[in-house]
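Chemist: Quick one: the structure is below, and I'll ask about it shortly.
Where a number appears in this text, it was derived from the coordinates with a stated rule and is not lab data. Just so it is clear, the structure is predicted and the values come from calculations on it, not from any experiment. Please note: Cβ atoms are built from the backbone with ideal geometry, for glycine as well, and neighbour counts cover all protein chains shown.
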Amino acid sequence: MKLKLYHAAAAAAIALSVMLLTACGSPKQADPLPIIKLRTVGSSSEAACQRIGEALSELTAEKFGFTVEISQQSTTNYNAELERELLLGKEPDVFCYTDAENMFSLAADGTTEPLDDWLEEFPTLKEAVSQDRWNCMRYDGKLIAVPGNNPSAVAIGFEARTDVLDELGIDAASIQTMEDMHALLLAAKQQNPSSVPLVPHFGQTLMMLDCDPLNNGLGVLLHNTGTEVVNLYDTPEYEELCNQMHQWYTEGLILRDAPLTNAPNTRLMQMYGGVAFSHRVAEQNVVSVTRSTKQRLTSITLGSKLQNTSVLNIGWCISSRSEHKREGMQLLQYLYTDREAADLLLYGVEGVDYRRLDADHVTNIDELPANEWSTVHWGQPNCQAASTWVNADGTEVGYTGPTDVITSEAYGFTYTPKIELRPTVNSCLEIVRKYNNALLSGYLDPEEALPLFRSELHAAGIDKVIADKQYQLERWKAKNS
């Protein structure tokens, strides 16, 4: 019996010695770093996203102790893919919204983490954004997003190929009305009958109208002025615009089946020999489309810049279900304030995706990699933190548009529909999606379609929505006067 006990004790001692020797001989494996999943707007491949994510992770791992996994979705698929992931509980930690309605739906169902308390931990980020911009990111009084640092005022207008303007001998500054623009498109069509003078952007031919849409366009402030909320689609101005666009369409000036086209304006310009496209004209926006088309473009502006809450149509959110909210805020602050990080997310890797001209300026590289990094300026947390993109010869992309700004009296106001009105709002928006782009692309004859559009909106309850919006705006004005 004693012999058995002795052997058992010896075996245990040997086993313990082996364990100690093994522990001493092999260093303890470090815990893996947290992975922050970041979703951006773009059309890059998975390989390109992995490549840029790894480059960004080298920076964040050293500075903050986490890595970044990047994914992208195009403008067309962005909202649908995000909604699918939300249903499955697989949304990214950090993501952006791409329009006001998208922001409100995310906030209403509790998807976005309220940021008021978090922001106190990140004073650099808080101070980098003006208070009026923060005010535009609120829903039911709660801060739900970090605003993208895009222009807060843009002009209604178009981007036109500079070479075509030069060939026609037309000065862009002389084009100040839709009638002037019509004359340009006619001249371009006569010069090259096989061309499509005006191309859409993902089915939308006119990107901006002369109003403050007050977030969802169901009740607007005409001409971005005053405080009377009106039904845009009932106005003579809207009817006149629909008639103009239908005339352009029948004259062959707009891409046929434009509202059914699921492609960006930059690609359609190349595919159809396009001359121009509608645009929200501002400094950084001009740079973005020039970089994408790889053509010299000239801005055409129709009036002053407009500033309203809806111009700030992109913001960055933290998922309320994320296990890495603090790291997500660290990442946003880093991308918002650090040039190296901003350059990487916007342009890619220097010498691979773009060429640096000097400390402050970059341009397109001669030969892009197979897994090209494809982004847009407006789809970044802070495109203005990045180096300035210029033409290949070093000349800056010129912005010669208006500098005067018409600021809406509702700038900073965000409309939150009453709970009982939200089904009505959704029904009205579906009707707008059914008719609006088709009318403003000239695809539908307004004589037939506009009465149907108006009738369906009234039947769905748009007047109740407008009354609610007017009431909320008046209360907001009284509080903020």
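Chemist: If you take all C-alpha pairs in the stretch 378-481, what percent of them are over 24 Å apart?
Modeler: Values: 3024 of 5356 pairs.
When all Cα pairs of the stretch 378-481 are counted, 56 percent exceed 24 Å.
Chemist: Something else: Using a cut-off of 11 Å between beta-carbons, work out the net charge of the residues near H201 (Lys and Arg +1, Asp and Glu -1, H201 not included).
Modeler: Working: positive: R267, R280; negative: E159.
Surrounding charge for H201 is +1.
Chemist: Please arrange H377, H361 by how many other C-beta atoms lie within 10 Å of their C-beta, fewest to most. Kindly include the intermediate steps, with their values, before the conclusion.
Modeler: On the way: H377 23, H361 15.
Ascending number of Cβ neighbours within 10 Å: H361, H377.
Chemist: Could you list which residues have their amide H under 5 Å from that of Y139, counting only those 5 or more apart in sequence or on another chain, with H placed in the peptide plane?
Modeler: I144
Chemist: Roughly speaking, what is the centre-to-centre gap between the stretch 325-349 and the stretch 253-273 when only Cα atoms are used, to the nearest Å?
Modeler: Cα centroid of the stretch 325-349 versus Cα centroid of the stretch 253-273: 33 Å apart.
Chemist: Which of the listed residues, P197, L221, I52, is farthest toward the dipole's positive end in the chain, when Lys, Arg count +1 and Asp, Glu count -1 at the beta-carbon?
Modeler: Selected residue: I52.
Chemist: Another question about this same structure. For the stretch 36-115, what size does the Cα cloud have along each of its three principal axes, sorted from largest down, in whole Å?
Modeler: 37, 28, 22
Chemist: What is the local net charge at S322, summed over the other residues whose Cβ is closer than 9 Å to its Cβ (Lys, Arg +1; Asp, Glu -1)?
Modeler: On the way: positive: K37, R321, K325; negative: E91, D93, E113, E323, E327.
Net charge around S322: -2.
Chemist: Using Cα atoms only, what is the angle between the long axis of helix 462-480 and the major principal axis of the chain, expressed in degrees (0 to 90) to the nearest 10?
Modeler: 70
Chemist: At a Cα cut-off below 19 Å, give the aspartates and glutamates reachable from K477, other chains included and same-chain residues fewer than 8 away excluded.
Modeler: K477 reaches D132, D140, D212, E228, E409, D468.
Chemist: Only counting other Cβ atoms within 10 Å, I'd like S130, S278 sorted with the fewest neighbours first. Each step should come with its number before you reach the end.
Modeler: On the way: S130 11, S278 22.
Ranked by crowding around the Cβ, least crowded first: S130, S278.
Chemist: Please give the length that would be gained between K126 and S481 if that part of the chain were fully extended, namely 0.36 nm times their separation in residues minus their C-alpha to C-alpha distance (nm, one decimal). Could the numbers behind the result be given before it?
Modeler: Details: separation 355, 0.36 × 355 = 127.80 nm, distance 2.41 nm.
Between K126 and S481, full extension yields an extra 125.4 nm.
Chemist: Sort T40, T250 so that the residue with the fewest other Cβ atoms within 10 Å of its own Cβ comes first and the one with the most comes last. Could you put the intermediate results ahead of the total?
Modeler: On the way: T40 25, T250 11.
Result, fewest neighbours first: T250, T40.
Chemist: Given H placed 1.01 Å from N in the peptide plane, which residues other than close sequence neighbours of F413 have an amide H under 5 Å from its amide H?
Modeler: Excluding prolines and chain starts, which carry no amide H, the hits are T309.
Chemist: Per the Cauchy relation, a quarter of the hull surface: what is the mean projected area of the convex hull of the alpha carbons in the stretch 146-243, in nm²?
Modeler: Numbers: hull surface 34.9 nm².
Mean projected area of the Cα convex hull: 8.7 nm².
Chemist: Moving to a separate point now. Quickly rank 196-207, 336-347 as a protection proxy: mean count of other C-beta atoms within 10 Å, highest first. Working shown, then result.
Modeler: Details: 196-207: 23.3, 336-347: 21.0.
So the order, starting with the most tightly packed, is 196-207, 336-347.
Chemist: Still on this structure, please answer the following. Using Cα atoms only, what is the angle between the long axis of helix 325-337 and the major principal axis of the chain, expressed in degrees (0 to 90) to the nearest 10?
Modeler: Rounded to the nearest ten degrees, it is 50.
Chemist: Here's a follow-up. Output the pairs from K325/K479; K189/K434; K142/K305; K189/K305; K37/K142 with a Cα-Cα distance over 26 Å in this structure; if there are none, say none. It would help to have the intermediate numbers written out before the result.
Modeler: On the way: K325/K479 33 Å; K189/K434 29 Å; K142/K305 29 Å; K189/K305 29 Å; K37/K142 24 Å.
Result: K325/K479; K189/K434; K142/K305; K189/K305 exceed 26 Å.
Chemist: State, in angstrom, two size descriptors of the stretch 341-433 derived from its alpha carbons: Rg to one decimal place and Dmax to the nearest whole number.
Modeler: In order Rg, Dmax, the Cα atoms of the stretch 341-433 give 20.4, 58 Å.
Chemist: Any number yet on Rg/Rh for the stretch 242-391, C-alpha, Kirkwood?
Modeler: Values: Rg = 18.4 Å, Rh = 18.1 Å.
For the stretch 242-391, the value is 1.02.
Chemist: Under the Karplus relation 6.51 cos²θ - 1.76 cosθ + 1.60, θ = phi - 60°, what is the ordered set of whole-Hz ³J(HN,Hα) values for the stretch 306-319, x standing for Gly and Pro?
Modeler: 10, 10, 7, 4, 6, 4, 7, 8, 9, x, 10, 10, 10, 5
Chemist: Another question, then. First check a/c for the stretch 110-155, with a ≥ b ≥ c the square roots of the eigenvalues of its C-alpha gyration tensor; if it is under 1.5, answer rounded, and if not, answer prolate when a/b is larger than b/c or oblate otherwise. Provide the component values of the computation, followed by the final result.
Modeler: Values: a/c = 2.26, a/b = 1.31, b/c = 1.73.
Oblate shape, in that a/c is at least 1.5 and b/c is the bigger or equal ratio.
Chemist: Quick check: convex hull over the Cα atoms of the chain, volume per residue in Å³, rounded to an integer?
Modeler: Working: hull volume 97.0 nm³, N = 481.
Convex hull of Cα atoms, per residue: 202 Å³.
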